[in-house]
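Enquirer: Here it is, the structure, as structure tokens.
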Amino acid sequence: DLSSHTAGEAGEAGEVEAVRYDKREGKWVQASAGSYALYKKSGQWQGVHDLSLVTPANANANADGAADGQGDGSPIPLADELSTKALAGRERFYPASYFKLYKRSPVQLPQHVLCSGNYFDRRWSGARRIKNVVMTLEWVPSLAKLTETSMPSQVLDEHQEHTLSTALELADLDGSGDLDVQELAALIRSATDIDMSVEAVHALITKAHSKGKGDKEKSSTALMKSEVKQLLASGMLSTLEQGRYTVAVSLAEAETLRRIIHVRAATGADSPLVDGADVALALRCTQAGNMVFDHAGSFKPGPTFQTETALQALRYLDCTMYYSDPQINWLLQALERTPRRKRRTFFQSVLGCRRRLARKWEETPLAKVFTMPDRFALLKQRSSSARVRAAIEAVGLALWDAFVKFDHSRTGLLRAPELYSMLLYLRVPALSPGDILDFCSGIGDAEGNVTYEAFVHAIVGTDADEEDEEEKGEGGAEEATDADALGDMPANAPKMDRIVSSTLVPPTGAEELSILREKRALAEAAEDEEDQAMEAAEEKRIEDELREEEAAEDQATGANPRLTSDAIEYDLTTGRPPRRLTSRGDYLYQDDLDPVYKTPIGTMHLQLLPRGLLFLPVPFSDSSDQRTILNSYTMRMEMMIPSLPPSGKYQALLQTSVHGEEDEAIIVVGSNGAVGSRMSGSHHQATVKGGKWHTIHITVCSSTLTVMTFVDGMLACNLQPDDMFRDGRYALQGGVCIGGSSRKDEELELRIRHVTVTSRALSAVEITDQNMAGQRDEQNNDDNDLFMMVLEALTQRYPDSDPDVSMVSFIVAEAQGSNISERFMSAMAMLG
């Protein structure tokens with residue numbers, strides 16, 4: 001709250017460009033990220049809300065620095081209107097093709113798709129929960145530099161040449177050898193999901209001629225199929241604007257950008273968003289149909305291809321599984337430079353870092369992205385469907401009649417041989433047995449069988465038409481009595497009440513298709529085996545690299561956790577998370593401070609924030625699958641509760657559930673500092689105090705069915721729970737959960753230095769001895785620290801003479817006090 005402090009006071013900070021008021025020090029000091037502060041603009045002090053998001057003081061320095069973030073999880077300052085580099089340059093963002101999990105490889109995404117370092121910092125190490133892609137920034141750094149272009153030409157391989165040739169042969173409805181305006185418009189709609197007017201198609205043909213991609217001797221009303229192939233591979237249909245980007249941003253960034261937009265708008269309609277730059281931007285929400293929430297700087301939407309491919313690429317990054325048919329097409333184009341196996345493994349690895357309901361992608365529309373190699377395969381499938389529909393209309397059949405006529409087996413399914421017969425009967429050209437299998441797998445189930453519902457969806461092409469067809473033809477031949485019950489008849493169909501053939505068309509090429517399917521199955525099995533081997537090699541590489549890193553860290557700082565024959569110790573004072581530690585919620589590492597000078601002393605402790613918990617595997621094993629149930633054990637924890645819970649409330653301390661959300665904590669701390677359970681038990685005098693470090697022991701013994709707690713070596717509680725039994729809720733089944741409980745109001749702040757779990761129940765004597773040994777070690781450490789403090793004080797007092805070491809030792813031994821601060825004051829009093 002800066003309301004009580006004037007700009008004049010802030011001015012006392014001198015040349016500092018951003019300041020905050022330190023209440024403890026009682027003065028203005030230089031600001032850092034995360035401070036509430038003032039900043040200077042044109043010599044005037046002005047207010048800014050949170051410098052973790054907007055830091056004018058070092059905006060220029062940050063803009064010139066790394067784009068990847070702080071590396072420690074702290075926000076990257078975005079900078080406000082005082083900086084032109086953050087919004088008028090690319091220093092803040094990196095290409096989405098660089099996004100990858102630790103030790104893993106990325107996928108290739110369009111160059112106009114970016115990520116913010118605040119959305120995901122590429123320098124993060126270890127497992128990280130990835131933010132959802134909720135808000136995106138459509139961003140034009142300079143309107144003057146915006147230029148229209150298209151995707152680069154694509155060199156087709158042999159398989160793509162065949163696929164595209166088949167699609168074009170199917171698109172040539174009249175068999176003329178070229179595609180007229182209507183045929184070309186239909187093909188473009190299938191290829192791009194964009195409806196082009198007749199005038200636009202004429203213009204495209206003219207443009208193709210002018211660029212040498214058409215036959216200049218040919219009329220402007222048609223293109224040869226070879227020329228259409230060049231057109232589709234050239235990228236002319238994929239319009240881009242160079243200098244326009246779509247960025248995945250964090251919610252905090254989106255909030256800050258929206259505030260900047262509103263603040264600048266309040267200064268006047270003609271006020272630029274960024275001084276001296278023609279920046280334009282819009283904030284879009286992926287969860288609301290890519291709706292524009294706010295825009296500024298004369299923003300206008302970009303080309304459909306660019307907008308849609310960016311949106312679907314970021315939805316893929318967000319692990320979305322449900323897409324419409326057009327969205328699948330856009331996504332295939334966004335991922336066309338990435339092989340199918342890589343698309344799948346990348347998606348699965350990123351999905352593992354999100355908190356989502358378990359769904360199988362195989363049962364969702366996303367499966368097409370992992371099975372279809374590219375957009376040309378989808379185009380061939382769509383062209384096949386369009387040609388079949390045109391052929392059915394040409395003979396005057398309703399969809400239900402067409403389906404029934406070729407369902408020779410009367411199973412309600414069209415198998416591949418039956419579908420082959422249909423296409424031959426309808427005289428659909430250019431379809432080999434392999435194309436038949438591709439068509440069946442594209443619209444059918446895993447076995448290639450096509451239901452009537454899938455048949456209608458493939459032929460009609462839209463969900464609305466599919467529902468219409470189902471309503472009209474669902475009753476079957478016996479229930480339908482007129483033409484309206486069978487679907488819309490073509491305008492040129494002969495006048496008749498019913499078109500039902502009494503003769504079923506037998507299947508064709510069953511043996512040939514079966515042999516081909518078996519060959520494909522063997523090839524797919526070999527490909528899957530190769531993929532699995534590559535994935536296994538990739539996982540082994542990652543595991544080996546992680547082991548090497550852990551070994552190097554262990555060599556530098558010691559193993560963490562540390563194993564003995566019957567115990568495991570987790571050290572939380574190094575600032576380096578122990579291996580296999582997992583958490584829910586947030587935790588931080590805080591410096592331990594010198595009790596006198598309040599400066600860091602080189603060690604740290606872990607601060608578990610409210611609504612958070614830690615899970616520590618016990619016993620520790622290099623194999624995550626190796627777990628042992630401990631029914632008798634002792635847990636020792638050096639901890640501090642900043643403040644005890646309010647009257648009638650408890651703070652969760654120990655839980656055996658893996659996630660801490662299934663059951664209540666088995667050990668809690670009450671408002672009076674008692675360490676035990678909520679139920680009755682034998683409570684003793686030993687309690688914890690808020691704001692003081694304590695050593696807590698919890699022993700669980702299955703043979704005596706008792707649970708005992710100790711505070712600083714003194715018995716605190718002796719329990720005999722009624723619900724205690726072997727392998728029950730008091731047994732450790734893989735680890736301990738600290739701070740977790742199904743009662744969320746019990747998950748309060750907790751600070752921890754060490755946690756040790758022993759695989760047996762220690763006796764009260766062993767716990768007392770262990771605590772006394774710890775106190776002796778702590779006393780020795782305090783004596784050493786006090787010796788150095790007194791020695792330094794004497795050196796400062798008498799700089800011209802060497803202090804008497806024996807005298808310092810005597811003063812340290814005689815100094816009185818309950819803590820090192822009081823003992824230091826006692827020593828200074830003895831010195832006079």
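Values in this text are rule-based calculations from the coordinates and carry no lab data. Just so it is clear, the model here is predicted, and its values are computed rather than measured. Methodologically, a virtual Cβ is constructed for each residue, glycine included, from the backbone with ideal geometry; neighbour enumeration extends over all protein chains shown.
Enquirer: For Lys100 and Met534, calculate 0.36 nm times their separation in residues minus their Cα-Cα distance, and state this gained length in nm to one decimal.
Expert: Full-extension gain reported as 154.4 nm.
Enquirer: Give me the net charge for the shell around Val688: Cβ to Cβ below 13 angstrom, other residues only, Lys and Arg +1, Asp and Glu -1.
Expert: Around Val688, the charge tally is +1.
Enquirer: While we're here: Return the loop-located chymotrypsin sites (Phe, Trp or Tyr not before Pro) in the stretch 304-381 (DSSP other than H, G, I, E, B) with at most 13 other Cβ atoms within 10 Å of their own Cβ; answer none if there are none.
Expert: Tyr322
Enquirer: Would you kindly state how much longer the chain becomes between Ala144 and Thr564 on full extension, computed as 0.36 nm times their sequence separation minus their alpha carbon distance, in nm to one decimal?
Expert: Computed gain between Ala144 and Thr564 is 144.4 nm.
Enquirer: Same structure again: Rounded to the nearest 0.05, what FRET efficiency do Arg427 and Arg359 give with R0 = 35 Å and r taken as the Cβ-Cβ distance? Could you check?
Expert: Efficiency for this residue pair is about 0.25.
Enquirer: Please report, largest first and rounded to whole Å, the three semi-axes of the ellipsoid equivalent to the stretch 100-249, where each semi-axis is the square root of five times an eigenvalue of the C-alpha gyration tensor.
Expert: Taking √(5λ) for each Cα gyration eigenvalue gives 39, 19, 13 Å.
Enquirer: In whole Hz, with x marking every Gly and Pro, tabulate ³J(HN,Hα) for the stretch 370-386 from phi via Karplus 6.51 cos²θ - 1.76 cosθ + 1.60, θ = phi - 60°.
Expert: 8, 10, 7, x, 6, 5, 6, 5, 5, 4, 5, 5, 5, 5, 4, 4, 5
Enquirer: Binning every alpha carbon pair distance of the stretch 712-789 at 10 Å from zero, what are the percents per bin?
Expert: P(r) over the stretch 712-789, rounded to whole percents: 12, 29, 38, 15, 5, 1.
Enquirer: Right, here's the next one. About the Cα centre of the stretch 525-582, how large is the charge dipole given +1 on each Lys and Arg Cβ and -1 on each Asp and Glu Cβ? Please answer in debye to the nearest 20.
Expert: 680
Enquirer: Still on this structure, please answer the following. Give, in nm to one decimal, the length gained when the segment between Glu814 and Arg123 is fully stretched (0.36 nm per residue of separation minus the Cα-Cα distance).
Expert: Taking Glu814 through Arg123 to full extension adds about 243.6 nm, to one decimal.
Enquirer: What ³J(HN,Hα) values, in whole Hz, does the Karplus curve 6.51 cos²θ - 1.76 cosθ + 1.60 give for the stretch 511-525 when θ = phi - 60°, with x put for Gly and Pro?
Expert: With coefficients 6.51, -1.76 and 1.60, one gets 5, 4, 5, 5, 5, 5, 4, 5, 4, 5, 4, 5, 5, 5, 5 Hz.
Enquirer: Below 10 angstrom from the Cβ of Leu335, what's the summed charge of the other residues (Lys, Arg +1; Asp, Glu -1)?
Expert: +3
Enquirer: Further, regarding this structure: Between Met828 and Met714, what FRET efficiency follows from the Cβ-Cβ distance if R0 is 30 Å, with the result rounded to 0.05?
Expert: 0.40
Enquirer: Order these peptides, 725-732, 230-237, by their mean beta-carbon neighbour count within 10 angstrom, highest first.
Expert: Result, highest mean Cβ count within 10 Å first: 230-237, 725-732.
Enquirer: Amide H to amide H, which residues 5 or more places from Asn560 or on other chains are under 5 Å from it, using H placed in the peptide plane?
Expert: Answer set, sorted by chain and number: Arg579.
Enquirer: Please give the residues of the stretch 186-203, grouped as numeric ranges, whose backbone N is less than 19 Å from a label point set 7 Å along the Cα-to-Cβ vector of Leu173.
Expert: Only 186-202 fall inside the zone, counting backbone N under 19 Å.
Enquirer: Shifting gears a bit: Check which residues have an amide H placed less than 5 Å from Asp193's amide H, if you skip close sequence neighbours.
Expert: Counting only residues 5 or more places away or on other chains, the set is empty.
Enquirer: Using a basic spin-label model with each label point 7 Å from the Cα along Cα→Cβ, how many nm lie between Ala521 and Val505?
Expert: About 2.7 nm, to one decimal.
Enquirer: Under a point spin-label approximation (7 Å from Cα along Cα-to-Cβ), what is the Glu749-Asp591 distance to one decimal in nm?
Expert: Each label point lies 7 Å from its Cα, and together they span 1.8 nm.
Enquirer: Compactness ratio of the stretch 277-351: Cα Rg over 2.2 N^0.38 Å, N = residue count?
Expert: Computed over Cα atoms of the stretch 277-351, the ratio equals 1.26.
Enquirer: So who's got an amide H within less than 5 Å of the one on Tyr589, skipping anything under 5 residues away but keeping other chains? H placed 1.01 Å off N, in plane.
Expert: For Tyr589, whose amide H was placed from the backbone, the distant partners under 5 Å are Gln607.
Enquirer: Here is a follow-up. Between beta-carbons, use under 10 Å as the cut-off and find the net charge around Pro417, counting Lys and Arg +1, Asp and Glu -1.
Expert: Every neighbour counted, the sum reads -2.
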